[in-house]
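S.K.: Please see the structure below; I have some questions.
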Amino acid sequence: GYRKGGYHAVRIGDRFSAGRYVAQRKLGWGNFSTVWLAYDTLSSKYVAIKIQKSAKQYAESALHEIDILSSIAQGDASNSKCVIKLLDHFKHGGPNGQHQCLVTEFLGDSLLKLIRYNRKKGIGLHQVRQLSKSVLAGLDYLHRELGIIHTDLKPENVLLVSTIDPTKDPTRTDVPPLLERSEGNPVPIKVNVAEKWLKLRANRAVAKISLRRVSLGGAMEVDNRSLEGVDLRCKIVDFGNAVRANEELMEEIQTREYRAPEVIIGSGYSFSADMWSFACLVFELATGDTLFVPKPGEGFTEDEDHLAQMMELLGKMPKQIAISGSRSKDYFDRHGDLKRIRRLKFWPMDKLLVEKYSFTETDANNLSNFLCPLLDFEPEKRPTASQCLVHKWITDS
Ligand code: ADP
Ligand code: MG
């Protein structure tokens, strides 16, 4: 929390970096940081500032993220590669210590929010395709050009981007004024018009949720108007866990639901682990449901349930792969069968999409033809991001 070594408390109107940035409102937080919308008085633009906890290990992890984001920015001068852009970084001294601060472009709502507002329904295949293109462009850049593995791809780490220039948007009525704090007189937090809208509509349980161009420096927020005709784009964010493939790798990566089988069995991973997470993300956008939701049960662990769910969807894991990891013996017997979950209920993806999610046969076949190769148990067999970009599910529209 907010103590020595912990978060830095921010009030609306606080200034950072010798007065350059003025805090506007809180955008989000993680275990290591809080993220704030701020006004950059030098460029007259809104930016996001990630303020890291001050203890040494958090500062080191922020320096690592700055290093990765600097490589990303260097290779993307035109800022068109679907990955968040680092604009500046500095240290900020406060009562709890010195905090590393990362300044990035301000983006919109996460895909998690988009999925939540369309729970159990998905956002429509045209939109899924649009967003998939952006994510693939980002992954292709990271993997092929930079040799970086993200290792934590999931809906909350992909943020929407507005495709219009906010300064030229005639519909914008909700840009908050630059909030300043005068001596001992804090300015109350203003609720953004779009957020009000969103809450209102959510309370009325209107199921059809889409997007609205809320034009604060290129951000895009979720609300209730039709998605039709909106050209959707997004960017990959959160490089706190990213690694260079040629460096020593951490053993345990990825958020549970998006974790690849080779990570669970401990047989080493590479760029293709991101492709597994990508397939889970696309399925979730298309159906509104998380693809794998593993839970521990009587006589088996969460890991074993996860492996069982994978096999029920994708067929049995080939024995050679099942027994190849440093942790294989915990899960599999010498025949390559799960030791503690003996009966599997197979339900392949094309059938699942038709029977559970009411897809047409054609839509179901096309989507599973795109996703199943990405969910190959053999990581080397998974298509790369650049191969996916020319797959007909992506190019046909
Ligand atoms: P952590 O490493 O702590 O998860 P993230 O970089 O993922 O930190 O940021 C936490 C949250 O803050 C995000 O999920 C998002 O909601 C919000 N956020 C982060 N960066 C931005 C940005 N540039 N624009 C808008 N919101 C952001
Ligand atoms: Mg995050």
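The values are calculated or read from the model by the stated rules, or taken from the named source; none is laboratory data. The structure displayed is predicted, hence computed values, not measured ones. Note: ideal-geometry Cβ built from the backbone for every residue, glycine included; neighbour counts use all protein chains shown.
S.K.: Just the residues that are within 20 Å of LEU107 (Cα to Cα) and more than 15 Å from ligand 1 (Cβ to nearest atom), please, taken from the range 231-257.
M.R.: Scanning the range 231-257 gives ASP231, LEU232.
S.K.: Is it true that some residue in the range 365-377 is small (Gly, Ala, Ser), closer than 21 Å to TYR258 by Cα, touching a residue at least 24 places away in the same chain (Cβ under 8 Å) and crowded, with 16+ Cβ neighbours inside 10 Å? Break it down stepwise before answering.
M.R.: Within the range 365-377, the subset small (Gly, Ala, Ser) is 368.
Still in the list and also closer than 21 Å to TYR258 by Cα: 368.
Next cut, touching a residue at least 24 places away in the same chain (Cβ under 8 Å) only: none.
Checking the range 365-377: not a single residue is small (Gly, Ala, Ser), closer than 21 Å to TYR258 by Cα, touching a residue at least 24 places away in the same chain (Cβ under 8 Å) and crowded, with 16+ Cβ neighbours inside 10 Å.
S.K.: Hey, could you check the range 251-287 for residues that are within 16 Å of ligand 2 (Cβ to nearest atom) and in a loop (DSSP other than H, G, I, E, B) and say which is nearest to CYS372 (Cα to Cα)?
M.R.: That would be ARG259.
S.K.: I'd like to check something: does the range 78-88 contain any residue that is within 16 Å of ligand 2 (Cβ to nearest atom), in contact with a Lys or Arg (Cβ under 8 Å, 6 or more places away or on another chain) and closer than 28 Å to GLY147 by Cα? Walk me through how you get there before you give the answer.
M.R.: Restricting attention to the range 78-88, the residues satisfying the condition of being within 16 Å of ligand 2 (Cβ to nearest atom) are 83-84, 86.
After this cut, where a residue has to be in contact with a Lys or Arg (Cβ under 8 Å, 6 or more places away or on another chain) as well, the list is 83-84.
From what is left, the residues that are closer than 28 Å to GLY147 by Cα are 83-84.
Checking the range 78-88: at least one residue is within 16 Å of ligand 2 (Cβ to nearest atom), in contact with a Lys or Arg (Cβ under 8 Å, 6 or more places away or on another chain) and closer than 28 Å to GLY147 by Cα.
S.K.: Could you check how many residues of the range 106-123 are within 12 Å of ligand 1 (Cβ to nearest atom) and either closer than 23 Å to ARG15 by Cβ or surrounded by fewer than 19 Cβ atoms within 10 Å (Cβ to Cβ) (or both)?
M.R.: 4
S.K.: If I ask for residues that are buried (at least 23 other Cβ atoms within 10 Å of the Cβ) and either within 16 Å of ligand 1 (Cβ to nearest atom) or free of Cβ contacts under 8 Å to residues at least 60 places away in the same chain (or both), which ones from the range 132-147 would you list?
M.R.: VAL135, GLY138, LEU142
Here is a yes/no grid of residues against (1) assigned to a loop (DSSP other than H, G, I, E, B); (2) over 25 Å from LEU285 (Cβ atoms); (3) in contact with a Lys or Arg (Cβ under 6 Å, 6 or more places away or on another chain); (4) not β-branched (Val, Ile, Thr):
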| site | (1), (2), (3), (4) |
| --- | --- |
| MET317 | yes, yes, no, yes |
| ARG334 | yes, yes, no, yes |
| ARG340 | yes, yes, no, yes |
| SER358 | yes, no, no, yes |
| CYS372 | no, no, no, yes |
| PHE377 | yes, no, no, yes |
| GLU380 | no, yes, no, yes |
| GLN387 | no, no, no, yes |
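S.K.: Can you tell me which residue in the range 16-40 is surrounded by the fewest Cβ atoms within 10 Å (Cβ to Cβ), limited to those that are farther than 15 Å from GLY108 by Cβ and of a type in the set (Lys, Arg)?
M.R.: LYS26
S.K.: Cβ-Cβ distance below 8 Å, separation of 6 or more or different chains: which pairs start in the range 331-346 with a residue that is crowded, with 17+ Cβ neighbours inside 10 Å and end on one that is part of a strand (DSSP E or B) and among the basic types (Lys, Arg)?
M.R.: Final answer for the pair search is none.
S.K.: Hey, another quick one. Taking the range 112-155 as the region of interest, how many residues are in a loop (DSSP other than H, G, I, E, B) and among the basic types (Lys, Arg)?
M.R.: 4
S.K.: Still on this structure, please answer the following. Look at the range 9-25 and say how many of its residues are among the basic types (Lys, Arg), more than 19 Å from LYS53 (Cβ to Cβ) and modelled with pLDDT under 95. Don't jump to the end; show me each part of the working.
M.R.: Pass one, the range 9-25, residues among the basic types (Lys, Arg): 11, 15, 20, 25.
Those still in the list that are more than 19 Å from LYS53 (Cβ to Cβ) too: 15, 20, 25.
Keeping just the survivors that are modelled with pLDDT under 95 gives 25.
Residues that pass the stated criteria total 1.
S.K.: Here is a further query. Evaluate the range 98-111: report whether one residue or more is at negative phi and part of a helix (DSSP H, G or I).
M.R.: Looking for residues that are at negative phi and part of a helix (DSSP H, G or I), one finds at least one in the range 98-111, hence yes.
S.K.: Working carefully through the options ALA59, ALA73, find the one that is more than 23 Å from ILE236 (Cβ to Cβ) and in a helix (DSSP H, G or I). Full working, then the answer.
M.R.: Values: ALA73 fails: more than 23 Å from ILE236 (Cβ to Cβ).
Unique residue meeting the criteria: ALA59.
S.K.: Can you tell me which residue among SER328, SER324 is among the hydroxyl-bearing types (Ser, Thr, Tyr) and in contact (Cβ under 8 Å) with a residue 60 or more places away in the chain?
M.R.: SER328
S.K.: Then there's this: Kindly list the number of the only condition in (1) touching a Leu at 6+ places or on another chain (Cβ under 7 Å); (2) of a type in the set (Val, Ile, Thr); (3) buried (at least 22 other Cβ atoms within 10 Å of the Cβ) that fails for ILE51.
M.R.: (1)
S.K.: Further, regarding this structure: Looking only at the range 57-87, how many residues end up being within 13 Å of ligand 1 (Cβ to nearest atom) and in contact with a Ser or Thr (Cβ under 7 Å, 6 or more places away or on another chain)?
M.R.: Adding up the residues that qualify gives 4.
S.K.: What number of residues within the range 29-56 are on the phi > 0 side of the Ramachandran plot and within 11 Å of ligand 1 (Cβ to nearest atom)?
M.R.: Looking only at that region, the number is 0.
S.K.: Still on this model: Taking only the range 261-302 into account, find how many residues are surrounded by 22 or more Cβ atoms within 10 Å (Cβ to Cβ) and of a type in the set (D, E, K, R).
M.R.: Result for the range 261-302: 2.
S.K.: Next question, about the same structure. If only one of VAL83, VAL103 is over 17 Å from the mean Cα position of the chain (by Cα), among the aliphatic types (A, V, I, L, M) and either surrounded by 19 or more Cβ atoms within 10 Å (Cβ to Cβ) or at pLDDT 95 or above (or both), which one is it?
M.R.: Going through VAL83, VAL103 in turn, just one is over 17 Å from the mean Cα position of the chain (by Cα), among the aliphatic types (A, V, I, L, M) and either surrounded by 19 or more Cβ atoms within 10 Å (Cβ to Cβ) or at pLDDT 95 or above (or both): VAL103.
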